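Visitor: Before I ask anything, here is the structure I am working with.
The values are calculated or read from the model by the stated rules, or taken from the named source; none is laboratory data. Bear in mind that the values here come from a model prediction, so they are computed numbers and not experimental data. Using ideal geometry, Cβ is built from the backbone for each residue, glycine included, and neighbour counts are taken over all protein chains shown. Surface accessibility is based on the protein's heavy atoms, side chains included, excluding ligands, DNA and RNA. Shrake-Rupley method; radii C 1.70, N 1.55, O 1.52, S 1.80 Å.
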Amino acid sequence: MDHKTRHTRIEPAEVVCVGEALWDLYAPEGIPLEQAKLLRRVPGGGAVNTATALVRLGIRSGLCAALGDDAMGRGLRDEVAAAGIDVGRLSLSAARTGLMLVAIERGEARFAGYRQGESEAQALAAALPERWQTRVVHFTGIAPVRGASGALARAAASARREGCAVSVDVNARPRMWPRAERAASVPGAEAGAAPVSGAGVRGCFRLFGQADLVKCSAGDLDVLGTTARALRERLRPEATLVVTDGARETLLLGPGDERAVAPRPVRPHDPTGAGDAFCAGMLASLVWEERARWGDAALMLRAVARGHDVARAWVRRKRG
């Protein structure tokens, strides 16, 4: 029994999700944020969404994140633990727990975030464990803050030395990831951006370079200021890059091979977290495979197909 959370720990986790954990605050369906008088809170953030989807797929998952040591943070920790996710690597810190306001109108999501990018990133860096004791470490929802992104790259290298497979969902947040041409400019150049320097962005690329699997969207590539093929050149030779583009084809760039897979069409009810669910589907197909096999094209094609299936089911559900 974990006496802090009053929930039984679920160990060992087969996949540990590292990154953002926050509350999604949903307006009633069809009501714009400007008019909403009631908000329903749902655990969210890239790491939480991926861990939640993995648990639903029967994969034991853990969360490594930093929450505020306040009522919102403790409540989020307890609700995540009650969902069957191991919170033994979760830290309560001085950083405020992030909030994301969400309104769903005709299958489209509108967001308004209340985040402390630099504080969140530094708190996450301080929460990273010395040992992972898992099969896969998945990084998502990170911010390119000087020092913090370097700590994540070192943590990924440590995971590899333990024999863990490493995956990364770039999951670039436009307000927390200034576009590449602004990365070395005056800190906070974008409205609402955390103070970010070129060194922080370079640290994120070092993290990508430790990965066996990197997933990004076409929008992520735009924020990074690069192309799929140029990003693939910066990864490990045996790594695979998966690039999604909404309802359009998903591109796989593996060792010496390039494939395209078209997802089946779907009418989403709530698209929030679709990319996180896609990652969970892929990882559920890969978790029991040896790391050396993650570069196999046939295996990755099956993983992407399952990712599409899981994301399709996720967006059809009503979360808020």
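Visitor: I'd like the full set of residues that are of a type in the set (A, V, I, L, M, F, W, C) and open to solvent by 60 Å² or more (accessible area, probe 1.4 Å), limited to segment 273-296.
Guide: Trp288, Ala292
Visitor: For segment 122-144, which positions are touching a residue at least 40 places away in the same chain (Cβ under 8 Å) and among the basic types (Lys, Arg)?
Guide: Arg135
Visitor: Looking only at residues that are closer than 23 Å to Ala277 by Cα and of a type in the set (D, E, K, R) in segment 231-247, which one is surrounded by the fewest Cβ atoms within 10 Å (Cβ to Cβ)?
Guide: Residue satisfying both the conditions and the ranking: Asp245.
Visitor: Restricting attention to segment 92-108, report how many residues are open to solvent by 30 Å² or more (accessible area, probe 1.4 Å) and farther than 24 Å from Gly200 by Cβ.
Guide: Total satisfying the criteria: 5.
Visitor: Quick check on my filter: what residues within segment 67-111 are polar (S, T, N, Q) and either within 18 Å of Thr272 (Cβ to Cβ) or in contact (Cβ under 8 Å) with a residue 60 or more places away in the chain (or both)?
Guide: Start the filter on segment 67-111 by keeping residues that are polar (S, T, N, Q), which leaves 91, 93, 97.
Result: Thr97, single match.
Visitor: Then there is this: State the number of residues belonging to segment 163-218 that are in a helix (DSSP H, G or I) and modelled with pLDDT of 75 or more.
Guide: 9
Visitor: Looking at (1) under 28 Å from Glu108 (Cβ atoms); (2) acidic (Asp, Glu); (3) open to solvent by 20 Å² or more (accessible area, probe 1.4 Å), find the lone condition where Asp270 falls short.
Guide: (3)
Visitor: On to the next question. Return the residue satisfying two criteria in turn: it lies in segment 121-152 and is part of a helix (DSSP H, G or I) and open to solvent by 40 Å² or more (accessible area, probe 1.4 Å), and of such residues it is farthest from Leu22 (Cα to Cα). So that I can check it myself, show each step before the final result.
Guide: Filtering segment 121-152 down to residues part of a helix (DSSP H, G or I) leaves 121-127, 148-152.
After this cut, where a residue has to be open to solvent by 40 Å² or more (accessible area, probe 1.4 Å) as well, the list is 122, 126.
Details: Gln122: 16, Ala126: 17 Å.
Among those that are part of a helix (DSSP H, G or I) and open to solvent by 40 Å² or more (accessible area, probe 1.4 Å), it is Ala126.
Visitor: Pairs needed: first member in segment 297-310, farther than 10 Å from Ala280 by Cα and open to solvent by 50 Å² or more (accessible area, probe 1.4 Å); second member anywhere, small (Gly, Ala, Ser) and part of a helix (DSSP H, G or I); C-beta distance under 8 Å; at least 6 residues apart or different chains.
Guide: Arg302/Ser285; Asp309/Gly281
Visitor: Restricting attention to segment 25-58, report how many residues are in contact with a Leu (Cβ under 7 Å, 6 or more places away or on another chain) and hydrophobic (A, V, I, L, M, F, W, C).
Guide: Residues meeting the conditions: 8.
Visitor: Here's a follow-up. Step by step: first the residues of segment 220-230, then only those that are part of a helix (DSSP H, G or I) and either open to solvent by less than 40 Å² (accessible area, probe 1.4 Å) or without any contact (Cβ under 8 Å) to a residue 24 or more places away in the chain (or both), then the one that is farthest from Gly203 (Cα to Cα). Which residue is that?
Guide: Within segment 220-230, the subset part of a helix (DSSP H, G or I) is 220-224, 228-230.
From what's left, either open to solvent by less than 40 Å² (accessible area, probe 1.4 Å) or without any contact (Cβ under 8 Å) to a residue 24 or more places away in the chain (or both): 220-221, 223-224, 228, 230.
On the way: Asp220: 16, Leu221: 16, Val223: 15, Leu224: 13, Ala228: 19, Ala230: 17 Å.
Residue satisfying both the conditions and the ranking: Ala228.
Visitor: Could you list, in sequence order, all residues of segment 35-85 that are surrounded by fewer than 24 Cβ atoms within 10 Å (Cβ to Cβ), in a loop (DSSP other than H, G, I, E, B) and either of a type in the set (Gly, Ala, Ser) or in contact with a His (Cβ under 8 Å, 6 or more places away or on another chain) (or both)?
Guide: Ala36, Gly58, Ala83, Gly84
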